[in-house]
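Asks: Right, I'll just put the structure down here and ask away after.
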Amino acid sequence: LHGLYVVSLAPLQHATSHTKLSTLPITHYDLPFPHRNGCQIVRSILPTNDGPDRSGQVLLLGTHNGVFSFSPADGTFRLLSAALDSAITKVVSMALSEDGNTLYVGGEHLVCYDRAHDRVQTMRHLPFRNIEKLLLDRFDRLWVGTDGNGVWECKVENAQPSTLTPHLSTPIAYTSRTC
């Protein structure tokens, strides 16, 4: 609830039964750009290999204030995309395609972001809202867990040449709370 904390687990490699976990090094980072509601809630963290020189790992942070990239190497944050930021109100869950080019963001609606072309598509036609969890499996099925409307399975179709954004087909499975 208070920003991002990084805990170094390296000391555990040499831990003994007398090692206190309270001695683990912890670094705290305040989140930048509290432009929506000022809260510091991180809801989703995804690793990528997007370092500026492709040598370091960058984390994508889904927060109540938007999506940011965070470089652990130098502790810097940056807004991932102004176009994506204008399409979302808050982030609850995220899923990243295997190639790292497509980011799915769930909150009030499902948003598909083409990172390579900085294009955003809000999936308002889908019959669910208030997304709680997204999972993209190895068969390109996007599983969408909702708040009170069950679990939906969506097939991610190949990108259309005119939009360069993957299209989600109609949900093909629905699981209610009673199932």
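FYI, it's all coordinate maths here, none of it is from the lab. Everything numeric in this text was worked out from a predicted model, so none of it was measured. A quick note on method: Cβ atoms are made from the backbone with ideal geometry, for glycine too, and the neighbour counts reach across all protein chains shown.
Asks: Using 1/(1 + (r/R0)^6) with R0 = 45 angstrom and r between the beta carbons of His18 and Ile45, what's the FRET efficiency to the nearest 0.05?
Replies: Working: r = 32 Å, r/R0 = 0.70.
Approximately 0.90, to the nearest 0.05.
Asks: A further question on this structure: Using 0.36 nm per residue of separation minus the Cα-Cα distance, give me the extension gain between His28 and Gln57 in nm, one decimal. Walk me through the numbers on the way to the answer.
Replies: Values: separation 29, 0.36 × 29 = 10.44 nm, distance 1.82 nm.
Additional length available on full extension: 8.6 nm.
Asks: Does anything in the stretch 118-134 have its amide N under 20 Å from the 7 Å Cα→Cβ label point of Glu157, and if so which residues?
Replies: Of the residues in the stretch 118-134, 119-128 have backbone N under 20 Å from the label point off Glu157.
Asks: Rounded, prolate or oblate, given the Cα gyration tensor of the stretch 91-141, with a/c below 1.5 counting as rounded?
Replies: Numbers: a/c = 1.83, a/b = 1.27, b/c = 1.44.
It comes out oblate by the Cα gyration axes.
Asks: Another question, if that's okay. Points 7 angstrom from Cα along the Cβ direction at Glu132 and His2: gap in nanometres?
Replies: 2.7 nm
Asks: Work out, step by step, the length gained on full extension between Asp118 and Ala87: first 0.36 nm times the residue separation, then minus their alpha carbon distance; give nm to one decimal.
Replies: On the way: separation 31, 0.36 × 31 = 11.16 nm, distance 1.21 nm.
Here the segment from Asp118 to Ala87 would lengthen by 10.0 nm.
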